[in-house]
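For reference, the structure discussed in these notes is given below.
Every number here is computed from the coordinates shown, using simple stated rules; none is lab data. All of these numbers come straight from a predicted model, not from anything done at the bench. Cβ placement follows ideal geometry from the backbone for every residue including glycine, while neighbour counts extend to all protein chains displayed.
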Amino acid sequence: MGAMTREYVAEHSETVADTVPLLAAALPLIGHEAIRSRGTIGGSLAHADPAAELPAVARALDAEFVVRGPSGERVVPAAQWFEGYLTTSRRPDELLVKVRFPTAGRGTGVSFQEVARRHGDFAIVGLAASLVFSDGVISDARLAFAGLSDVPVRAAAAEDLLVGERPSTELFDEAARRATADVDPPADLHGSSDYRKTVAAVLVRRGLQAAADNARERQ
């Protein structure tokens with residue numbers, strides 16, 4: 001996807017909805033329609049606000065960032081792109097020119113959940129969730145938080161727990177516990193660290209159930 005692709009255009013693209021459904025699920029939550037009509041995919045990812053939706057999507061999907069500078073092009077994986085608050089590994093003489101998102105395979109279900117003060121506000125906590133099912137068993141799980149650190153955070157322990165299991169309330173409860181066991185969210189006027197941690201656990205349970213339901217709907 002070209003870095004200058006407008007968020008509104010991607011939001012209303014059938015191709016995006018079919019091939020990168022997690023991105024499609026997150027796009028309507030970005031600001032307001034007027035903002036999405038001007039904001040770009042590359043702009044959001046280069047800005048790297050840890051409370052924004054697209055960085056969490058990119059981290060969950062292991063997106064790749066193609067940057068171009070005087071010495072040519074290089075590809076940066078999402079795990080290495082986000083270095084800190086509003087900071088990426090892009091060099092001063094480079095431009096982000098495109099972002100590569102993997103195509104969702106058969107049996108994929110997705111969900112993007114967030115809690116914000118008002119619609120259009122940055123999320124207090126957000127969660128990008130993707131599950132892949134094979135014969136009713138979770139074969140791949142991806143969870144990435146927004147708003148819990150100075151970069152989007154993958155919940156690796158919860159992902160490992162989910163793979164090879166069948167969905168259940170008990171499984172999702174344990175995944176929520178593992179996903180938030182070691183997080184230490186920042187506190188600000190919108191919520192304490194404990195509040196954010198509690199919200200994050202709720203979003204894991206909610207997001208996993210929604211992703212499981214979405215997988216059934218897509219099939």
Response to the item:
At 25 °C in a medium of viscosity 0.890 mPa s, the stretch 108-218 has a Stokes-Einstein diffusion coefficient, with Rh taken as the Kirkwood radius over alpha carbon pairs, in µm² per second, of 177
Response to the item:
Given a Förster distance of 45 Å, the FRET efficiency implied by the Cβ-Cβ spacing of Asp150 and Thr103, rounded to the nearest 0.05, works out to 0.90
Worksheet item: Dipole magnitude of the stretch 108-218 about its Cα centre, charges +1 at Lys/Arg Cβ and -1 at Asp/Glu Cβ only, in debye to the nearest 20?
Response: 280
Discussion item. Run the simple label-point estimate for Asp213 and Met4 please: 7 Å along Cα→C-beta, distance reported in nm.
Written reply: 4.0
Worksheet item: Which cross-chain or sequence-distant (5 or more) residues have an amide H under 5 Å from the amide H of Ile124, H modelled 1.01 Å from N in plane?
Response: Val115, Ala116, Arg117
Item to complete: Can you tell me what the convex hull of the Cα atoms of the stretch 16-127 projects to on average, as an area in nm²?
Response: 7.4
Worksheet item: What value, in deg cm²/dmol to 500, does the helix sum -39500 (n - 2.57) over DSSP H runs of n ≥ 4 give at 222 nm once divided by the residues of the chain?
Response: -11000 deg cm²/dmol
Fill in: Contact order relative to length of the stretch 108-218, as percent, for alpha carbon pairs under 8 angstrom and 6 or more apart
31
Worksheet item: If you plug each phi of the stretch 130-144 into the Karplus form 6.51 cos²θ - 1.76 cosθ + 1.60 with θ = phi - 60°, what whole-Hz ³J(HN,Hα) values come out, in order, with x for Gly and Pro?
Response: 9, 10, 10, 10, 9, 6, x, 10, 6, 9, 8, 9, 9, 9, 9
Worksheet item: Percent relative contact order of the chain, based on C-alpha pairs within less than 8 angstrom and at least six residues apart?
Response: 20
Item to complete: For an R0 of 45 angstrom, estimate the FRET efficiency from the Cβ-Cβ distance between Arg177 and Leu95 and round to the nearest 0.05.
Response: 0.60
Item to complete: DSSP loop (so not H, G, I, E, B), at most 14 other Cβ within 10 Å: list which trypsin sites (Lys or Arg not before Pro) in the stretch 10-75 pass both filters.
Response: Arg38
Discussion item. Report the per residue volume, in Å³, of the convex hull enclosing the C-alpha atoms of the chain.
Written reply: 115
Worksheet item: Where is the GNM fluctuation largest for the chain (alpha-carbon springs, 10 angstrom cutoff): Ala144, Ala128, Ala79?
Response: Ala79
Practice prompt. State, to one decimal in nm, how far the label point of Leu86 lies from the label point of Ser139, with both points 7 Å from Cα in the Cβ direction.
Written response: 4.3
Worksheet item: Taking +1 at the Cβ of each Lys and Arg and -1 at the Cβ of each Asp and Glu, which of His190, Val9, Asn214 sits farthest along the dipole of the chain towards its positive end, judged by Cα position relative to the Cα centre?
Response: Val9
Item to complete: Helix by helix through the chain, keep the DSSP H runs that span 30 Å or more along the axis on Cα and average at least -1.0 on Kyte-Doolittle, and give those back in order.
Response: 193-218
Worksheet item: Which whole-number percent gives the relative contact order of the stretch 7-100, counting Cα pairs below 8 Å spaced six or more residues apart?
Response: 24
